[in-house]
Amino acid sequence: MDKVYQAENALELRDAMKRFKKKRNEYSTALKSVSITVKRGEVVGILGPNGSGKSTLVRVISTLIIPDGGDVRVFDIDAVRHPKEVQRHINRVSVEASFFKKMSSMENLIYGAKLYGVTDRESKPKIREILGSIGFDLNRVNEPMEHLSRGMQQKIALARALLTSPMLMLLDEPTTGLDPRSKKDVQALIRGIRHTHDASILLCTHDMDEAEELCDRIGIMLDGDIIALDTPHALKQRYQQDGQAPNLEEVFMAATGASMEDIEAKKLEEEEKKAGVK
Amino acid sequence: MPHLGKPHWLRELIAVWGFAQRNYYLTKRYFWWDLVWLVYTTANALSIGFIGVAAQQSAETTSQFTTFLLIGTLIWSYLSMLFDILSETVSWERWEGTIEYTFMSPASRATHLIGTSIYAVIYGIVRMIIMLVTISLFFDLRLSDANYGAAFVVLAVCSVSLVGFGMVAAVMPLLSPEKGQQVTFIFGSALLLVSGIYYPIDVLPGWMQALAKVSPVYYALDGIRAALMEGAALGSLWRYIWPLIIMGAIFPPLGIWIFQQGEQFAKRTGRLKRSG
Ligand SMILES: Nc1ncnc2c1ncn2[C@@H]1O[C@H](COP(=O)(O)OP(=O)(O)O)[C@@H](O)[C@H]1O
Ligand SMILES: [Mg+2]
């Protein structure tokens, strides 16, 4: 317990590797050799196209995937050796809200909290408070989740994570696919988390503006590697041309040699080609 | 952060309650489906009862045969329910899309499976009582000498083994998301075939009889039939109870252990879930 509060870094990854077997003797490498540190209270963004390994990274930290090699430490606890200890201090929000569809938001939330040892009596007032603060109509807490909009479901997913008071939040494309209005709301909520909850955050996204606006440091991820990692300001300086400060999109282009859209389009094309060959 | 200060056992206990309560919520939300399923199972039991009535001539043997069949139907509907709920632990959550959130929570796998079992037992008993009442309205059952207490003890001991069986079966979808549930299904139908639910196992080929001897359902049925139809005392049921106690002591810990191995395998190979 004390160890956790004394740890200097929320997250420390050294040379984390993961590959998945596709067929016999055929592997896809999701993480080549990833090293990254998130200091306490820091928000670090991972910016990368589809398939670059962001979700695998988040799953390795959430103890859902065991890495093939490397070191994963969360508050100085080895996540591979002591997953149970790590699990108490982290929570995660992913692209899909992932709830029991027919259960209500209240039911989903008190269930989610109980898995972390939080009783009804402790969670219910907190649920009302959090839902109130995200503008959720409390008259709807007993409606099935599936009746709620995607944006609302995503906010409730954030509420579920907050209920367990995580010290490290893993956000895996929390705003992807949301309408602009919900996107803004969710981003505001994330911004609020660092002020009110004293949490460190790892935020994966493929939205440049989101990364720039919310993160202290940004890592650019491509094909299972983090190829650059720094503050937005330093990244822009590093890749400036003719004394002109580039925007983050230009930084991404300079670092990877192509725009996010081009990389994704190319990848899609390759996959279609492969599928066509079969 | 009040939950972080709680002792470990208390957090696990709260989580056990969480799993049981979640399954209650699901039953509530899928109530009409559960009701339809109960009606179907009850109709099925009744039709089997009528087979008994049709097959025999004298009133005495009819009542005996019908009682034999209906005890089998009822006990199987309860035990297979336990098996199904446990063995669907993984596939259900995969379908809902919640599996990663369950597996990244600090609740232990034992807690997860025990919470699920507690709910399954309560749910199964409620269903069985409803079915029993319905059935007894239709048939003249031979239960005048019944020793309900002894039957209950046999059923309770058997429930523990079935829960363990279900846990072992639940691991299949972790090993193979595509084929796992099918294997589970085969497992369940093998239990149905060899355990002597609608017939004494002596009518089976020898190798099937051998399989019956490792099925907890077989001991439960024979023991419960002896208790209900002949009023056998608990002491004389010992030969059914001790194999059940042994299986009950082996299967659940084995089930949890196998499940944990399956979980490690799924986490190494990325089979828990893959999307996003
Ligand atoms: N569970 C898995 N099984 C097999 N391959 C996987 C699995 N998860 C990810 N991959 C592969 O690893 C690579 C990285 O995927 P992912 O981590 O999901 O990237 P991102 O989240 O950045 O889109 C992709 O090529 C993907 O096909
Ligand atoms: Mg992803």
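Using a Förster distance of 51 angstrom, determine the FRET efficiency expected from the C-beta separation of B:TYR40 and A:ALA245, and round it to 0.05.
Efficiency at R0 = 51 Å is approximately 0.15.
Within 10 Å, at most 14 other Cβ atoms, and a DSSP state outside H, G, I, E, B define an exposed site. Report the longest part of chain B free of exposed trypsin sites (Lys or Arg not before Pro).
B:1-178
Using θ = phi - 60° and the Karplus relation 6.51 cos²θ - 1.76 cosθ + 1.60, list the HN-Hα couplings for region B:103-116 in order, rounded to whole Hz, with x at every Gly or Pro.
Here the 3J(HN,Hα) series is 7, 9, 7, x, 5, 6, 5, 4, 4, 4, 6, 5, x, 4 Hz.
Mind checking B:26-35 for the average number of partner chain beta-carbons within 10 Å of each residue's beta-carbon?
Per residue, the average neighbour count from other chains is 2.
5 Å is the cut-off here: which amide hydrogens, built 1.01 Å from N in the peptide plane, fall below it relative to A:SER94, excluding neighbours closer than 5 in sequence?
Here the answer is A:ASP172, since their amide H atoms fall under 5 Å of that of A:SER94.
How far, in nm, would the chain grow between A:MET253 and A:ARG81 when pulled straight, counting 0.36 nm per residue and subtracting the alpha carbon separation?
Full extension from A:MET253 to A:ARG81 adds 58.1 nm.
Starting from the Cα gyration tensor of region B:1-129, take the square roots of the eigenvalues, sort them a ≥ b ≥ c, and report rounded, prolate or oblate (rounded when a/c is under 1.5, otherwise prolate if a/b is larger than b/c, else oblate).
prolate
So what J values fall out for region A:262-275 if you push phi through Karplus, 6.51 cos²θ - 1.76 cosθ + 1.60 with θ = phi - 60°, rounded to Hz, Gly and Pro as x?
5, 4, 5, 5, 5, 4, 4, 4, 4, 5, 5, 4, 4, 5
Using a cut-off of under 20 Å, list every residue of region A:39-73 whose amide N is near the label point 7 Å from the Cα of B:PHE265 along the Cα-to-beta-carbon line.
A:64-68
Given R₀ = 22 Å, what would the calculated FRET efficiency be for B:ALA233 paired with B:ILE125, taking r from the Cβ atoms and rounding to 0.05?
0.40
Suppose R0 equals 45 Å. What FRET efficiency, 1/(1 + (r/R0)^6) with r the Cβ-Cβ distance, do A:ARG150 and B:ILE245 give to the nearest 0.05?
0.30
Just to confirm the number: angle between the C-alpha axis of helix A:180-197 and the first principal axis of chain A, 0 to 90 degrees, nearest 10?
Rounded to the nearest ten degrees, it is 70.
With +1 on each Lys and Arg Cβ and -1 on each Asp and Glu Cβ, and nothing else charged, work out how big the dipole of region B:2-269 is about its Cα centre, in Debye to the nearest 20.
For this selection, approximately 640 debye.
If you find the alpha carbon centre of region A:210-258 and of region A:131-209, how far apart are they in angstrom?
26
Which lysines, on any chain, are close to A:LYS184 with Cα under 16 Å apart, when same-chain ones fewer than 8 places away are left out?
In chain and number order, the partners are A:LYS155.
Run the numbers for B:PHE31 and B:LEU193: contour at 0.36 nm per residue of separation, minus the present Cα-Cα distance, in nm.
55.3 nm
Taking Cα pairs under 8 Å and at least six residues apart, what relative contact order does region B:77-181 come out at, in percent?
Averaging sequence separation for qualifying contacts and normalising by length gives 53 percent for region B:77-181.
May I ask for the distance between the Cα centers of region B:1-61 and region B:109-169, given as a whole number of Å?
For region B:1-61 versus region B:109-169, the Cα centre distance is 9 Å.
From other protein chains only, count the Cβ atoms within 10 Å of every residue's Cβ in B:254-267, then give the mean.
Taking the mean over all residues of the peptide, I get 1.
Along its principal axes, what span do the Cα atoms of region B:2-269 show, with the longest given first and each in whole Å?
Largest to smallest, the principal-axis extents are 66, 40, 37 Å.
Of B:VAL39, B:TYR78, B:LEU26, which is farthest along the charge dipole of region B:1-92 in the positive direction, counting Lys and Arg as +1 and Asp and Glu as -1 at C-beta?
Checked the options; the winner is B:LEU26.
Would you mind putting A:264-270, B:101-107 in packing order, based on average other-beta-carbon counts within 10 Å, highest first?
Per-residue Cβ counts within 10 Å, averaged per peptide and sorted highest first, yield B:101-107, A:264-270.
Over all residues in A:82-90, what is the mean tally of Cβ atoms on other chains that come within 10 Å of each residue's Cβ?
Average neighbour count from other chains, rounded to a whole number: 3.
Could you tell me whether the protein assembly as shown comes out rounded, prolate or oblate from its Cα gyration tensor? Rule is a ≥ b ≥ c as square roots of the eigenvalues, rounded for a/c under 1.5, then prolate if a/b exceeds b/c, otherwise oblate.
Prolate shape, in that a/c is at least 1.5 and a/b is the bigger ratio.
Rank these for me by crowding, B:LEU137, B:LEU193, A:LEU148, going from fewest to most other beta carbons within 10 Å.
Arranged by neighbour count, lowest to highest, B:LEU137, B:LEU193, A:LEU148 become B:LEU137, B:LEU193, A:LEU148.
All other residues with a Cβ under 11 Å from the Cβ of B:THR98 taken together, and with Lys, Arg as +1 and Asp, Glu as -1, what is their net charge?
So the environment of B:THR98 carries a net charge of +1.
Every number here is computed from the coordinates shown, using simple stated rules; none is lab data. The structure displayed is predicted, hence computed values, not measured ones. FYI the Cβ positions are ideal-geometry reconstructions off the backbone, even for glycines, and counts take in every protein chain you see.
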